[in-house]
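Throughout, read-outs are computed from the coordinates displayed, never taken from laboratory work. Everything numeric here is computed off the predicted structure, so don't read it as measured data. Note that we place each Cβ from the backbone using ideal geometry, even for glycine, and neighbour counts take in every protein chain shown.
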Amino acid sequence: MRSFNEISDYMEKNGLDLVDSIISMETVKLDCTKEEVIRNMNNRLSDMKRSIREAAVNEWTPKIVPNDSLKMKKYLKKKDSLSGQIISKSSEIALLVSTFNASMGRIVAAPTAGSCGILPGILFSWEEHRQHKKEDLLEGLIIAAAVGQIIAERATLAGSEGGCQAECGAAAAMGAAALVWMECKKAEPCFQAVAICLKSIMGLVCDPVAGLVEVPCIKRNGSLVSIAVLSADMAMSGIQSTIPPDEVIDAMSMVGKAMHPSLKETGRGGVAVTKTGVNIAKNLLKNAPHLESK
């Protein structure tokens, strides 16, 4: 799958809905059965849920930051959040999973380790706050995976190539499309949600302090779920992107290539080179000199 136009044409030609079209296209590409595709996606969904369950067992603490998901959880028990139930719960889960990842926990890279909290945050927050069938969540994940594949084909999912727009940005776009499908089962708003979301995050740099996926990565996971949810709402309201989704991804690719290397996962730009960021890196190196790059 290289484009949303390709999927749309396949849907029209074969008289299939979006999910069935994606599954059918995958069976041809991978030379496998529909049952195998569904089983593999169900396994990924189970792995995501397990990472949330395992992360919640202990107070995981990465090298730099505390487990802020605990603060978010405590806050949500005390009062109604300003951002609403789905966004705030998505943020809590995203913080939890990305902290678990930074503490060497087992996660699903969706689409990358650095952005691993966003999609499970969105999926399982939606599950908690909406009446649903089990297959709805699976279909949402299938839609998200297709969006990730198109971004990978037309641009990149690597922060080292495209900045964080390619990691957390892609994850948010995947989540936005999944939300739309789970809510209304319509293809076109899914595509529009991707375009709206990516345009809102385009140019986001990858600037990990000390080269670790902690600062600003974890809080970025926790905050970008909001853009995904709002992009889904905008698309379902009938708002359309002036620039078609495929062209938005092409623009994202061009922006990533134009970024200075210091802004693409090198730890040599953005917040990584602030006074505090540099001091954190120095302190980590002092306590673990073997981390020094050759």
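Things worth noting here:
- A Cβ-based charge dipole, computed about the Cα centre of the chain with Lys and Arg at +1 and Asp and Glu at -1, lands at about 1400 debye.
- For the stretch 162-211, the alpha-carbon radius of gyration amounts to 1.30 times the rule-of-thumb value 2.2 N^0.38 Å expected for a compact globular protein.
- Ala258 paired with His129, simple spin-label distance in nm, labels 7 Å along Cα-to-beta-carbon: 3.5
- Summary of the geometry: the stretch 121-143 and the stretch 1-55, compared by the centres of their Cα atoms, lie 15 Å apart.
- Whole-number percent relative contact order across the stretch 4-291, with pairs defined as alpha carbons under 8 Å at least 6 apart: 19
- 3J(HN,Hα) along the stretch 129-137, derived from phi through the Karplus expression 6.51 cos²θ - 1.76 cosθ + 1.60 where θ = phi - 60°, amounts to 9, 10, 6, 8, 9, 4, 6, 4, 5 Hz, with x in place of Gly and Pro.
- In degrees, nearest ten, helix 217-236 long axis to first principal axis of the chain (Cα): 20
- Computed from backbone phi with θ = phi - 60° and the Karplus coefficients 6.51, -1.76 and 1.60, the 3J(HN,Hα) list for the stretch 67-84 is 7, 6, 4, 5, 5, 5, 4, 5, 4, 5, 6, 8, 7, 6, 6, 5, 8, x Hz; x is used for glycine and proline.
- Calculated mean residue ellipticity, 222 nm, the chain: -21000 deg cm²/dmol, from DSSP H runs (n ≥ 4) at -39500 (n - 2.57) each, averaged per residue and rounded to 500.
- Backbone HN-Hα couplings from phi across the stretch 243-256 [Karplus 6.51/-1.76/1.60, Hz, Gly and Pro as x]: 8, x, x, 4, 6, 5, 5, 4, 5, 4, 4, 5, 5, x
- Matching label, P(r) over Cα pairs in 10 Å bins from 0, in percent computed from the structure shown, candidates (i) 6, 22, 26, 19, 13, 9, 5, 1, 0; (ii) 6, 22, 26, 23, 15, 5, 2, 1, 0; (iii) 7, 29, 35, 21, 7, 1, 0: (iii)
- Radius 12 Å from Cβ of Gly163, net charge of other residues (Lys, Arg +1; Asp, Glu -1): -1
- Ranking Val57, Val180, Val205 by Cα position along the charge dipole of the chain, where only Lys, Arg, Asp and Glu carry charges on their C-beta atoms, puts Val57 farthest toward the positive end.
- Partnerless Cys - the chain, beta-carbon criterion under 4.7 Å: Cys32, Cys116, Cys168, Cys184, Cys190, Cys197, Cys217
- Think of each Lys and Arg Cβ as +1 and each Asp and Glu Cβ as -1; about the Cα centre, that makes the dipole of the stretch 168-257 roughly 120 debye.
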